[in-house]
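Chemist: I'd like to ask you about the structure that follows.
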């Protein structure tokens, strides 16, 4: 999200409402699937890099100084979110600012920002955003963080096979660990949010549907822009949606 031009096709995962919505493990599997697309792998080859494992957190929701209960409430709100996933919010008038996470608290404290889209509860609590906020809105579920841990391919090849095996084994457990840590984070931060007087509301399903409608149009804009750059944007977008839907159905059946 901070350098979308470095891996332009991988950035498909940053598009709003593109994730599975089926939890950390499902999103981890989805991110792996996208990284295995030949065009995305080629992109990584240009950096002599390969994925070790994805880091998946919960979907992005809202905390800030003004209440957000319908799409019209975004108008004029200075919002911290990246431009790619923030496009539907901008459509409804939000003023998008792509600040680095450590800068969020100061920007909120000094009145440079009105609100933040981030992970519940870990993200807000870790950066103490409840100290400079009054409201939180769940149910927006804008996107997931598509952080990936990369390794240099030459360095990886030079490792002893035993080390590679241990790294793969540990990486395979990443999703379970994150799920556990996030649940522990809820136990830590929810009481502190309550003590700070944060008013939590649920974003209505029909309001989220309005954002999703805008997002789906933006997906096509993104794909055509990549096509115009000589990249297989439409192909990667269609593959990403296909894998998302398959993985979502798989976890829904469990």
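The numbers here are math on the coordinates, done by the rules we state, and not lab data. Computed from a predicted structure; not experimentally measured. Every residue, glycine among them, receives a Cβ derived from its backbone with ideal geometry; neighbour counts consider all protein chains shown.
Chemist: In percent, how large is the relative contact order of the chain, given Cα pairs closer than 8 Å and 6 or more residues apart?
Modeler: Once divided by the residue count of the chain, the mean separation gives 30 percent.
Chemist: Continuing with this model, one more query. Work out, step by step, the length gained on full extension between residue 186 and residue 2: first 0.36 nm times the residue separation, then minus their alpha carbon distance; give nm to one decimal.
Modeler: So the chain would gain 63.5 nm between residue 186 and residue 2.
Chemist: To the nearest 0.05, what FRET efficiency results for residue 177 and residue 126 with a Förster distance of 22 Å applied to their C-beta separation?
Modeler: In this case the efficiency is close to 0.85.
Chemist: Okay, moving on. Tell me what the chain gives for mean residue ellipticity at 222 nm when only DSSP H runs of n ≥ 4 count, each as -39,500 (n - 2.57), the sum divided by the residue total, rounded to 500 deg cm²/dmol.
Modeler: Calculated at 222 nm, the ellipticity per residue is -15500 deg cm²/dmol.
Chemist: Another question, if that's okay. What does the highest-first list of 239-249, 80-90, 163-173 look like by mean Cβ count within 10 Å?
Modeler: Top of the packing list down: 80-90, 239-249, 163-173.
Chemist: On the Cα set of the chain, report Rg and Dmax in Å, please.
Modeler: 18.7, 57
Chemist: What order do you get for 112-120, 39-47 when each peptide is scored by the mean count of other beta carbon atoms within 10 Å, highest first?
Modeler: Packing order, densest peptide first, comes out as 112-120, 39-47.
Chemist: Taking the Cα-to-Cβ direction at residue 201 and at residue 157 and moving 7 Å from each Cα, how far apart do the two end points lie in nm?
Modeler: Between residue 201 and residue 157, the label points sit 5.7 nm apart.
Chemist: Return a whole-number percent for the relative contact order of the range 110-254, with Cα pairs under 8 Å and 6 or more residues apart as the contact set.
Modeler: 33 percent
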